[in-house]
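What follows is one structure encoded as structure tokens, with my remarks underneath.
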Amino acid sequence: MAPVAPRSGDAIFASVDRVNAELFTLTYGAIVRQLLTDLEEVEEVNKQLDQMGYNIGIRLVDEFLAKSNVSSCVDFKETAEVIAKVGFKMFLGVTASVTNWDADGTCCSIVLEDNPLVDFVELPDNCQGLYYCNILSGVIRGALEMVSMKTEITWARDMLRGDDAFELQVKLIKQVPEEYPYKDDE
Amino acid sequence: MIGVGKAKQYSNVLDKPLSKGKQEVSLSAFAFLFSELVQYNQTQVDNIAELERRLEDAGYSVGARVLELLCHRDKGNRRDTRLLGILSFVHTTVWKVLFGKAADSLEKGTEHEDEYMISEKELLVNRFISIPKDMGTFNCGAFVAGIVRGVLDSAGFPAVVTAHFVPIEGQQRPRTTILIKFAEES
């Protein structure tokens, strides 16, 4: 079968079923509030959001691969670009940019200026330690783990904490070589 | 002043212009998020009734905000004060904003004067959900019931709102009916 051309994030987003972003935003808000009530500690909420994101990421990558026709990226640089340009676009309808590469190409920043999770949101004083969008870092971590990349993701900038953009620092820890559980000729 | 204190880029969420509500995210992004909401709440409860109550609570907080948002943006800070007015507001305006279409039907209960039903052949939140046998009558529509209760309650029409599956003849999947029972006037 001839290889299929990868599709752009815009093209995929235009072709999938969509819902109003406000329903998404408010539902996410409801989740965060529920977690804050249940877990009380802001740190615990950060952890739980990350875990939820991870759960989503490991499932979402299937849909991503199925719809985007993206083939294996040659290096981590390409991976980051694909996440920013195709991944964010096809699920959240926004594009991110990739900057701040370190010298050996294993650490970069994904910068989001538009973020549908945070409409209407303001952090009250007692939640200043909250990474409100921590679910996003979990999603990326989970999805990358499914394509054999262990990453560590931290927030470098957060608009809810007064920065001018959302910046996720993605650090590639190690690339696990793909192992097939079966032999090709079987 | 509210929201000022820490040095923030834009000092107050209220200074930002209100979005027009035309932004969209992919349906799968919402479905993933909703699935996490349900799964998380499953870990917090012992029985189905409690699970439905927690989903309803999450929905309630969405509904209360939706009412405020829509009245402010679409209705020039007015809201309906008559029963039928607010019901058709829920059935048409709220449904269109949240789910992209008006609900399939709005009916008055035949047995009780104070009961109304909003029915939907394929409720958005139930689209990718199948209920395991051992969970009996559990319906994720409890979240939407919560949204409806949040809207009604905040508009001054307290009600008990529940979600039920109703089998349709010749169809494999049942429709979801949101049953609204208004509280007695106090």
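A short reminder: the numbers here are calculations on the coordinates, not readings from a lab. From a predicted model like this one, the values you see are computed outputs, not experimental measurements. We place every Cβ from the backbone using ideal geometry, glycine too, and count neighbours over all the protein chains shown.
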Using the Karplus curve 6.51 cos²θ - 1.76 cosθ + 1.60 with θ = phi - 60°, work out ³J(HN,Hα) for each residue of segment A:76-88 in order, rounded to whole Hz, and write x for Gly and Pro. 5, 4, 5, 4, 4, 4, 5, 4, 5, 8, 9, x, 4
Tilt of helix A:42-68 relative to the longest C-alpha principal axis of chain A, in degrees (0 to 90, nearest 10)? 30 degrees
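Using the structure shown, select from A:Lys67/A:Lys174; A:Lys67/B:Lys16; A:Lys47/B:Lys75; A:Lys67/A:Lys171 the pairs with a Cα to Cα distance greater than 32 angstrom. Let's see the in-between values first.
Working: A:Lys67/A:Lys174 26 Å; A:Lys67/B:Lys16 35 Å; A:Lys47/B:Lys75 40 Å; A:Lys67/A:Lys171 26 Å.
Going by Cα-Cα distance, A:Lys67/B:Lys16; A:Lys47/B:Lys75 fall outside the 32 Å limit.
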Using only Cα atoms, tell me the angle between helix B:27-42 and the longest principal axis of chain B; keep it within 0 to 90° and round to the nearest 10. 70 degrees
Once you place label points 7 Å from the Cα toward the Cβ at A:Val74 and A:Leu39, how far apart are they in nm? 4.0 nm
Gain upon complete extension [B:Lys16, B:Lys121; 0.36 nm per residue less C-alpha separation]: 34.0 nm
Quick query: amide H of B:Arg175 versus all other amide H atoms, modeled in the peptide plane; which residues come in under 5 Å with a sequence gap of 5 or more or a different chain? B:Val166, B:Ile168
Under-5 Å amide H pairs with B:Glu24, H placed in peptide plane, nonlocal only: A:Ala21
Most fluctuating of B:Glu169, B:Glu122, B:Glu113 in the GNM of chain B (C-alpha, under 10 Å) is B:Glu169
Convert each backbone phi in segment A:152-163 into a coupling constant with the Karplus relation 6.51 cos²θ - 1.76 cosθ + 1.60 (shift: θ = phi - 60°), then list the ³J(HN,Hα) values in order as whole Hz, x for Gly and Pro. 10, 10, 10, 8, 9, 9, 8, 4, 6, 9, x, 7
Using a 10 angstrom cutoff on alpha carbons, build the Gaussian network for chain B and name the most mobile of B:Phe143, B:Phe165, B:Phe128. B:Phe128
Translational D (Stokes-Einstein, µm²/s) of the protein assembly as shown at 4 °C and 1.567 mPa s when Rh comes from the Kirkwood sum over C-alpha pairs? 58 µm²/s
Kindly express, to the nearest 10 degrees and within the range 0 to 90, the angle between helix B:48-74's C-alpha long axis and the longest C-alpha principal axis of chain B. 50 degrees
Could you list which residues have their amide H under 5 Å from that of A:Ala165, counting only those 5 or more apart in sequence or on another chain, with H placed in the peptide plane? A:Asp158, A:Met159
